[in-house]
Amino acid sequence: MNVEVASLGFLSVLPWGAFLILLFPGKNTVQRIFLVLLALFLGYLSTEIVLKLHPIFWPDVKMAAPKRSGHILTQTAHIAFIQAGMMEEFCKGSLIFFAGLLFAFDWKRYTFKKEIVLIGGFVALGFAGVENANYIFNAKEEDRIAMFVGRTIRSSNAHFLINLCFSLAFLKSNFKESKERPVYLFLAFLLAVSQHGLFNFFVLPQSRFGGWLSTALFVGIWVWIARDFRAFVREREILDDTPVEAEILENADVRETT
């Protein structure tokens, strides 16, 4: 892979990364920059883990061009939900979870901090950047720009939204009973797998109707994330700065947003 392709892979996730940094409350400190760079590296690491695990579970299936045998719907569903959705979301989700425990968890209160959203977003972008670079590299020379645009708008966006939704679930789990939190986070993981699988299921046939369905799906997820981001990241930041008001408004705020 040459520098040009690697640069296109980086540029394909740059708009979404800038979007998250600009919207995220607070100043961009050295610690926050470190967290962003670490998350990007973990995203790259997750691609390496996927590449290592894939031949173990499916030794006869190529990552770039999986062969379909049997009914096209069942094979497409298997590729979308199992080979891609479950495998990739397990690798990304595990790294988000462990990085969150190390860098975005308040061990005194036993709650996740808002920085878990930064970790989730940039792990997704690190993964997407490497994946996009590989697709661009394998494309024909005349198709690389079109591939770059398509991966930037659709694939980077998909990974970004799925893992933002997943990482926001960590913040929402702060308001669950202790015994309910593991189940809640496991359900959040299953949701990420389902979102990833649905996106791939719609786009793998490469039909116009499937493209419309995938677009409609992620417009809905954008609305969902915008609401949760406002409630659990931006407005929660204001409440955290005013402890008295937070104590008074916390219960009402949680009931309204969950």
Can you work out which of the residues in segment 80-97 that are open to solvent by 60 Å² or more (accessible area, probe 1.4 Å) and under 13 Å from Leu185 (Cα atoms) is modelled with the lowest pLDDT? Phe90
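Restricting attention to segment 1-17, and to residues there that are of a type outside the set (A, V, I, L, M) and open to solvent by less than 90 Å² (accessible area, probe 1.4 Å), which single residue is modelled with the lowest pLDDT?
Step by step, filter segment 1-17, then rank; the result is Asn2.
Have a look at Leu35, Leu20, Leu73, Leu45 and point out the one that is surrounded by fewer than 15 Cβ atoms within 10 Å (Cβ to Cβ) and either modelled with pLDDT under 95 or assigned to a helix (DSSP H, G or I) (or both).
Details: Leu35 fails: surrounded by fewer than 15 Cβ atoms within 10 Å (Cβ to Cβ); Leu20 fails: surrounded by fewer than 15 Cβ atoms within 10 Å (Cβ to Cβ); Leu45 fails: surrounded by fewer than 15 Cβ atoms within 10 Å (Cβ to Cβ).
Going through Leu35, Leu20, Leu73, Leu45 in turn, the sole match is Leu73.
Report whether or not Phe170 is modelled with pLDDT of 95 or more, open to solvent by 70 Å² or more (accessible area, probe 1.4 Å) and part of a helix (DSSP H, G or I). Walk me through it before giving the result.
Working: modelled with pLDDT of 95 or more: yes; open to solvent by 70 Å² or more (accessible area, probe 1.4 Å): no; part of a helix (DSSP H, G or I): yes.
Against the criterion (modelled with pLDDT of 95 or more, open to solvent by 70 Å² or more (accessible area, probe 1.4 Å) and part of a helix (DSSP H, G or I)), Phe170 does not qualify.
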Quick check: is even one residue across segment 124-144 open to solvent by 20 Å² or more (accessible area, probe 1.4 Å), within 28 Å of Pro25 (Cβ to Cβ) and either of a type in the set (A, V, I, L, M, F, W, C) or part of a helix (DSSP H, G or I) (or both)? no
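Can you work out which of the residues in segment 3-20 that are free of Cβ contacts under 8 Å to residues at least 60 places away in the same chain and of a type outside the set (Gly, Ala, Ser) is farthest from Glu142 (Cα to Cα)? Working first, answer last.
First, the residues of segment 3-20 that are free of Cβ contacts under 8 Å to residues at least 60 places away in the same chain: 3-4, 7, 14, 18-19.
Now restrict to residues that are of a type outside the set (Gly, Ala, Ser): 3-4, 14, 19.
On the way: Val3: 17, Glu4: 14, Leu14: 23, Phe19: 30 Å.
Filtering segment 3-20 for residues that are free of Cβ contacts under 8 Å to residues at least 60 places away in the same chain and of a type outside the set (Gly, Ala, Ser), the one farthest from Glu142 (Cα to Cα) comes out as Phe19.
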If you check Val183, Val233, which single one turns out to be at pLDDT 90 or above and either buried (at least 18 other Cβ atoms within 10 Å of the Cβ) or aromatic (Phe, Trp, Tyr) (or both)? Val233
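The values are calculated or read from the model by the stated rules, or taken from the named source; none is laboratory data. The shown structure was predicted, so the numbers you read here are calculated from the model rather than taken from an experiment. Cβ sites come from the backbone with ideal geometry, for glycine too, and all protein chains shown count toward neighbours. Side chains included, ligands, DNA and RNA excluded: accessible areas come from the protein's heavy atoms. Shrake-Rupley method; radii C 1.70, N 1.55, O 1.52, S 1.80 Å.
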